[in-house]
Amino acid sequence: MDWLTGHKVPIGRWAQSGVDWLTANGAAFFDAVADVLRTMIDAILWLLKTPHPFVIVGLAVALAFALRRSLGFPVFVGAGLLLIINQGYWKETTETLALVLSSAIICMAVGVPIGILAARRPWLMTAIRPVLDLMQTIPTFVYLIPALILFGLGMVPGLIATVIFALPAPIRLTQLGVSSTPRHLVEAADAFGATSWQRLWKVELPWAMPQIMAGLTQTIMLSLSMVVIAALVGADGLGVPTLRALNQVNIARGFEVGVAIVLIAIILDRFFRRSGEASR
């Protein structure tokens, strides 16, 4: 046994060397990425914080009614958001929403095209599947360390970690939806002379839309599960009072924040779920 442990493969040293090289040679690139991501987060925060909280609640209720055309969901949205305001966590909730929405935008913008490409080229899915498995199974704290070194404290490293954790969901579900398009639909499109792009936009993507939307809701749920971990690297939001409640063994505060996170999760899930599924 000693002969095996005595010849240790220097995985950690290789990783350290890679991060050191990136820090030394890619500082300008990572600063530019951080500025772009910070601008996105600040823009969403401005949209959520500038109006009075009651205005945001009213808009959310109106949008809920426009989407569902029933009273149950809008009433739940209004009551849930008012309860969060009542508990004193509105500011933290807007910060969490900015992080979650930014993560969802990036994940869908990157994940859907990769999923489409993987559906068109099965060898690509075979190649990236181990990478996707690694992104979701490796402990989050492992890639929080280089994210913290490369991007510093704040919302940006929390967003990077959240994107890494949530990105496999839209890739996998988009690939599944596009590749499961019935063969007779594809053949009918080809028979009518559709180009590859026309077949994608008019046949494959409409068929895959339920899976793509499921990827969006999964991304949002996975992003919400990262709020506490993101708080460890300086990200604002509901993770901060959660960590404080844990450090102080404050059961009351822990339950208050937990209820706020659950309400946000349910509201966002129902917003982006299809009408037929939302009633279930």
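Would you mind calculating the gained length between LEU22 and ARG183 on full extension (0.36 nm times residue separation, minus the Cα-Cα distance), in nm to one decimal?
Details: separation 161, 0.36 × 161 = 57.96 nm, distance 4.58 nm.
The LEU22-ARG183 span can extend by a further 53.4 nm.
Label 7 Å along Cα→Cβ of ILE85; region 60-79 residues with amide nitrogen under 14 Å?
60-62, 77-79
Starting with the highest mean, order 238-244, 133-139 by the number of other Cβ atoms within 10 Å, averaged over the residues of each peptide. Walk me through the numbers before you get to the answer.
Details: 238-244: 20.3, 133-139: 11.9.
The densest-packed peptide leads the list: 238-244, 133-139.
Give the Rg (one decimal place) followed by the Dmax (whole number) of region 164-280, computed from C-alpha coordinates and expressed in Å.
Over region 164-280's Cα set, Rg and Dmax evaluate to 20.1, 67 Å.
Tell me what the chain gives for mean residue ellipticity at 222 nm when only DSSP H runs of n ≥ 4 count, each as -39,500 (n - 2.57), the sum divided by the residue total, rounded to 500 deg cm²/dmol.
On the way: 17 runs with 231 residues, N = 280.
It lands at -26500 deg cm²/dmol.
Of ALA32, PHE73, ASN86, which is farthest along the charge dipole of region 1-115 in the positive direction, counting Lys and Arg as +1 and Asp and Glu as -1 at C-beta?
It is PHE73.
From the phi angles alone, apply the Karplus equation (6.51, -1.76, 1.60; θ = phi - 60°) to region 25-40 and give each ³J(HN,Hα) in whole Hz, x where the residue is Gly or Pro.
Couplings: 10, x, 4, 5, 5, 5, 5, 5, 4, 4, 5, 5, 5, 5, 5, 4 Hz.
Could you size up the charge dipole of the chain around its Cα centre, putting +1 on the beta carbon of Lys and Arg and -1 on that of Asp and Glu, and report it in debye to the nearest 20? Please list the in-between numbers first.
On the way: 20 positive and 15 negative charges, 136 e Å.
Charge dipole, the chain, about its Cα centre: 660 debye, nearest 20.
Under 5 Å between amide H atoms, partner at least 5 residues away or on a different chain: which partners does LEU238 have, H built in plane at 1.01 Å?
For LEU238, whose amide H was placed from the backbone, the distant partners under 5 Å are THR96.
Apply the a/c threshold of 1.5 to the C-alpha gyration tensor of the chain and tell me whether it is rounded, prolate or oblate.
Numbers: a/c = 1.90, a/b = 1.00, b/c = 1.90.
Here the chain falls in the oblate category.
If I compute solvent accessible area with a 1.4 Å probe over the protein chains, what percent of it on region 97-179 is carbon and sulfur? Please report the intermediate quantities before stating the final value.
Details: 2680 of 3420 Å².
Carbon and sulfur: 78 percent of the exposed surface of region 97-179.
Using θ = phi - 60° and the Karplus relation 6.51 cos²θ - 1.76 cosθ + 1.60, list the HN-Hα couplings for region 230-236 in order, rounded to whole Hz, with x at every Gly or Pro.
Per-residue couplings from phi come out as 4, 5, 5, 10, x, 6, 6 Hz.
Ignoring ligands, DNA and RNA, what accessible area per residue does region 147-280 give at 1.4 Å, in Å²? Numbers along the way, then the final one.
Working: 6430 Å² over 134 residues.
Per-residue accessible area for region 147-280 comes out at 48 Å².
When Lys and Arg each count +1 and Asp and Glu each count -1, what net charge do the other residues less than 13 Å away from GLY193, Cβ to Cβ, add up to? Can you show the working numbers first?
Working: positive: ARG199, LYS202; negative: GLU187, ASP190.
My count for the surroundings of GLY193 gives 0.
Hey, any idea what % of region 203-245's accessible area is carbon plus sulfur with a 1.4 Å probe? Spell out each step's value before the answer.
Details: 940 of 1430 Å².
C and S fraction of accessible area: 66 percent.
Can you compute 3J(HN,Hα) from phi for each residue in region 220-226, using the Karplus curve 6.51 cos²θ - 1.76 cosθ + 1.60 with θ = phi - 60°, rounded to whole Hz and x for Gly and Pro?
Once θ is set to phi - 60°, the couplings for region 220-226 become 5, 5, 5, 5, 5, 5, 9 Hz.
Need one word for region 22-159: rounded, prolate or oblate. Basis is the Cα gyration tensor (sqrt eigenvalues a ≥ b ≥ c); a/c below 1.5 gives rounded, then a/b vs b/c decides.
Numbers: a/c = 2.46, a/b = 1.50, b/c = 1.64.
Oblate, because a/c is 1.5 or more while a/b does not exceed b/c.
What order, most packed first, do the peptides 112-120, 40-48 have when packing is the mean number of other Cβ atoms within 10 Å of each residue? Could the numbers behind the result be given before it?
Details: 112-120: 20.0, 40-48: 16.7.
Packing order, densest peptide first, comes out as 112-120, 40-48.
Sticking with the crude label model, points 7 Å out along Cα→Cβ, report the distance from TRP14 to VAL249 in nm, one decimal please.
Inter-label distance under the simple model: 4.5 nm.
Which of GLN198, VAL112, ALA230 sits farthest toward the positive end of the charge dipole of the chain, with +1 on the Cβ of Lys and Arg and -1 on the Cβ of Asp and Glu?
The listed residue farthest towards the positive side: GLN198.
The values are calculated or read from the model by the stated rules, or taken from the named source; none is laboratory data. Predicted model only: the values in this text are computed from it and were never measured. We place every Cβ from the backbone using ideal geometry, glycine too, and count neighbours over all the protein chains shown. These accessible areas exclude ligands, DNA and RNA; they are computed on the full protein's heavy atoms, side chains included. Shrake-Rupley method; radii C 1.70, N 1.55, O 1.52, S 1.80 Å.
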